[in-house]
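Everything below concerns the one structure shown next.
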Amino acid sequence: MRPSGGGLVGVDLDGIRLDPRATYIVVARHPLDMAVSLYHHRHNIDRRRLRSLTGHTEPDRTDTPPPPLRLPRRPGESES
């Protein structure tokens, strides 16, 4: 898949031929960081449009917002 910037995204590295003339740069993102970003961007997602693009049907229930994000407490920290 090629985004508008021309770079590759979502490429498995096991299918790339190594070439000594090339420099390979691999960028990764921590899965929890991605999950927190998605949590914060959920209001910007047009779920109806996303379902139409992916071929999914409308859910039987109404979309309810997820509960507020609760971060784990540090040891010795009291609940506010």
Is at least one residue of the range 47-60 small (Gly, Ala, Ser) and modelled with pLDDT of 75 or more? yes
Residue pairs qualifying under the 6 Å Cβ cut-off, at least six apart or on distinct chains, with the first in the range 26-42 being assigned to a helix (DSSP H, G or I) and the second being not acidic (Asp, Glu), are TYR39/LEU69
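The values are calculated or read from the model by the stated rules, or taken from the named source; none is laboratory data. Owing to the predicted nature of the structure, the values given are computational and were not obtained by experimental measurement. As a convention, Cβ positions derive from the backbone with ideal geometry for all residues, glycine included, and neighbour counts pool all protein chains shown.
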